[in-house]
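Some notes on the structure that comes next.
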Amino acid sequence: MPKEEKKGRKQAQRDEKGRFIKGATALPGKRFGTGDERAAEAGRRSGESRREKADLRRLCQLWMEEDVGTDKDGSKITGGQMMVRVAVKEVAKGNPKFWELLRDTAGFKPVDKVMVAEVDPGVIAEVEQIVKETGV
């Protein structure tokens, strides 16, 4: 495999003989940097991303509380009320994603929990017998 195709080096700068230039940038305006420099840059970018997501979350919360329209009888409707009305219409059309949205928003989302425990076989038989008797 030619040196140009080696992973991570194909964009590095080379001299006229094709050798890698020490300290050259991998991309225009970027240095390879040390581990600490790369970690600091990753931390800055992570912080920016978290702030953007938090801003978007706050904007959505404001929209949900804000009056965005009026009802047929003239009463004001908030963004959250409008979202629920649209979701209910979509559920009536048979859209399962909106059914999940309404269920989860109402607080009825099933919790996926897996419990691993060692149980005595006698206890298992006893529980199965109770289940058979009650018809659950």
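The numbers here are math on the coordinates, done by the rules we state, and not lab data. Predicted model only: the values in this text are computed from it and were never measured. Heads up, the Cβs are rebuilt from the backbone with ideal geometry, glycines too, and the neighbour counts pull from every protein chain shown.
Quick notes on this one:
- Selection from segment 77-96 of residues that are exposed (fewer than 13 other Cβ atoms within 10 Å of the Cβ) and closer than 21 Å to Arg57 by Cβ: Val86
- Summed over segment 82-136, the residues that are farther than 27 Å from Asp71 by Cβ, in contact with a helix residue (DSSP H, G or I) (Cβ under 9 Å, 6 or more places away or on another chain) and polar (S, T, N, Q) give a count of 0.
- Residues of segment 66-87 satisfying the condition of being in contact with a Gly (Cβ under 7 Å, 6 or more places away or on another chain) and either assigned to a helix (DSSP H, G or I) or among the hydrophobic types (A, V, I, L, M, F, W, C) (or both): Val68, Ile77, Met82
- Residue ID - nearest to the chain's Cα centre (by Cα), chosen from residues in segment 93-136 that are basic (Lys, Arg) and in a helix (DSSP H, G or I): Lys97
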